[in-house]
Amino acid sequence: MRLKMKRFVFPVFMSLYMSLFMTVLITAINTGVSSGFFQRWIVSFAIAWPIALILVLLGGQQIQLLSQRVSQRLAKSE
């Protein structure tokens, strides 16, 4: 049960973290922090978070395996 929960809880937090900070930064860079910023940001976040969650759920394990392989190869080359 714990492993199943971890496989779901981690992607939720990772996608929340990434989409929150990315949408804040990109919205601020593109439109500035001015009147209506929160409304523009929350719309962007509402679109980005579900997409990020689906992507992490679908590809997270494969990316984790890839990063392990790359790390192992880098460690061998030292």
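Starting from segment 53-78, take each residue that is in contact (Cβ under 8 Å) with a residue 12 or more places away in the chain and list its partners that are part of a helix (DSSP H, G or I) and surrounded by 10 or more Cβ atoms within 10 Å (Cβ to Cβ), counting only C-beta distances under 7 angstrom and pairs at least six apart or across chains.
Short answer, once both residue conditions are applied: Leu53/Pro11; Leu53/Val12; Leu53/Ser15; Val56/Pro11; Val56/Met14; Val56/Ser15; Leu57/Pro11; Gly60/Pro11.
Return the residue satisfying two criteria in turn: it lies in segment 36-72 and is farther than 13 Å from Val12 by Cβ and of a type in the set (Phe, Trp, Tyr), and of such residues it is surrounded by the fewest Cβ atoms within 10 Å (Cβ to Cβ). Reasoning before the result, please.
The first filter runs over segment 36-72 and keeps only residues farther than 13 Å from Val12 by Cβ, leaving 36-48, 51, 58-59, 61-72.
Okay, now just the ones that are also of a type in the set (Phe, Trp, Tyr), so 37-38, 41, 45.
On the way: Phe37: 14, Phe38: 10, Trp41: 19, Phe45: 18.
Only one residue fits best here, namely Phe38.
Might you check whether a residue that is β-branched (Val, Ile, Thr), surrounded by fewer than 14 Cβ atoms within 10 Å (Cβ to Cβ) and modelled with pLDDT of 95 or more occurs anywhere in segment 3-20?
No.
The values are calculated or read from the model by the stated rules, or taken from the named source; none is laboratory data. Model, not experiment: these values are computed from the prediction. Positions of Cβ are backbone-derived with ideal geometry, glycine not excepted, and every protein chain shown enters the neighbour counts.
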